[in-house]
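The values are calculated or read from the model by the stated rules, or taken from the named source; none is laboratory data. Treat the numbers as computed from the prediction; the structure is a model and nothing was measured. Cβ coordinates were reconstructed from backbone atoms using ideal geometry, including for glycine residues, and neighbour counts include every protein chain displayed.
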Amino acid sequence: MQSQLVTIADIRAAAGRIAQIAYKTPLVRAQFPGLSGFGTDKEIYLKAESLQPIGAFKIRGASNKILQLSAEQIARGVITYSSGNHAQGVAYAAREVGAKAVIVMPSNAPAIKRAATLALGAEVVDVGLASSERLAKSDELVREHGYVVIPPYDDEQIIAGQATCGLEIVEALPDVDLVLAPVSGGGLLSGVATAVKLLRPQAKVFGIEPELAGDTAESFRSGAIVTWPAELTSRTIADGLRTQSVGERNFAHIQAFVDGVITVTEAEIKAAMRAIVAATRLLPEPSGAVATAALLFHAGELPAYRKAVSVVSGGNVDSAQLAEILTEG
């Protein structure tokens, strides 16, 4: 498939379009002992996407896509397939324009994300664990009811929407050296990398994912998209990063603009969650902590930097899970 790379004009247009729904989130300075703060020349900032109305960055892409639908498409209703955060983004944006939203979710989706999606007025349809099952069920419902599909990541308008996160990073920190973002389907990483590289080519951008769901890292190394089975990717605590393969359009952007993809362990993800809470009082979900885990534990795999930004992609974590992780250390 020939992929059309999004442009800075696309990204700026998306930023203006979604301003009525998504927030411009802050860069929060983080002082990590031995890594940043007193006695070092490094500055580390966390891009607090956990502060979005739905608690995650996914509202950016979903809003950009849904706000461009015609009146006829809005009347038909929208559908997506998601483990949680994109579901909430679609439900939230659909409610804003008065469209019905149907969400196909895996049976192991976190209860907090399922409940939030239902609270936003969406209809939830449950399927098995595999992302391929979610896609197949969505296709079936589209054939039956004529819904408009709002893809979770493999779509230029979704990428442009997520790219507004990268646009805000460079606008807030014009001399940023290093940007790290989580990667699963690739919507956030492809968008952030595109915006950062188009505005500040000398900055380095890395994608970070759990080693238990390291399909994108393998794809990046091999130069071709690799698919992992659901029984492997579903092992990670980072439920938002269990997609079995990166999207084709996303991979084209990643190949064009990303400098590397690093994997982190489950223990490192949990430790990064504790470090983020201690340093900033932000509450990250496991998926939102993977980028910071790379900064904390994989410095040898990263280029030298003075100012780094780690994207905290979401904060929709179950309170019991958060309490367990915070007390583990």
Options Ala304, Ala293, Ala279: the member that is under 27 Å from Glu43 (Cβ atoms) and assigned to a loop (DSSP other than H, G, I, E, B): Ala304
Strands (runs of 3 or more DSSP E) completely within the stretch 100-190 that count 3 or more residues being touching a Phe, Trp or Tyr at 6+ places or on another chain (Cβ under 8 Å) and assigned by TED's automatic domain parsing to the domain that holds Lys307: 178-182
Pair list, Cβ under 9 Å, 6 or more apart: the stretch 186-197 residue on the phi < 0 side of the Ramachandran plot, other residue outside any helix (DSSP H, G or I) and among the polar types (S, T, N, Q): Leu188/Ser313; Thr194/Thr7
Per-region count, the stretch 140-182, residues surrounded by fewer than 18 Cβ atoms within 10 Å (Cβ to Cβ) and at pLDDT below 95: 0
Residue check, Gly223 within 15 Å of the chain's Cα centre (by Cα) and not polar (S, T, N, Q): no
Among the candidates Leu282, Leu241, Leu295, Leu326, residue that is under 26 Å from Gln52 (Cβ atoms) and surrounded by fewer than 18 Cβ atoms within 10 Å (Cβ to Cβ): Leu326
Condition met for Gln321 (under 29 Å from Asp155 (Cβ atoms) and not assigned by TED's automatic domain parsing to the domain that holds Ala109): no
Residue in the stretch 249-261 that is under 15 Å from Pro210 (Cα atoms), outside any loop (DSSP other than H, G, I, E, B) and either basic (Lys, Arg) or touching a Leu at 6+ places or on another chain (Cβ under 7 Å) (or both) present: no
Among (1) more than 28 Å from Leu198 (Cα to Cα); (2) at pLDDT 95 or above; (3) out of contact with any Leu (no Cβ under 7 Å at 6 or more places or on another chain) - the single one Asp239 does not satisfy: (2)
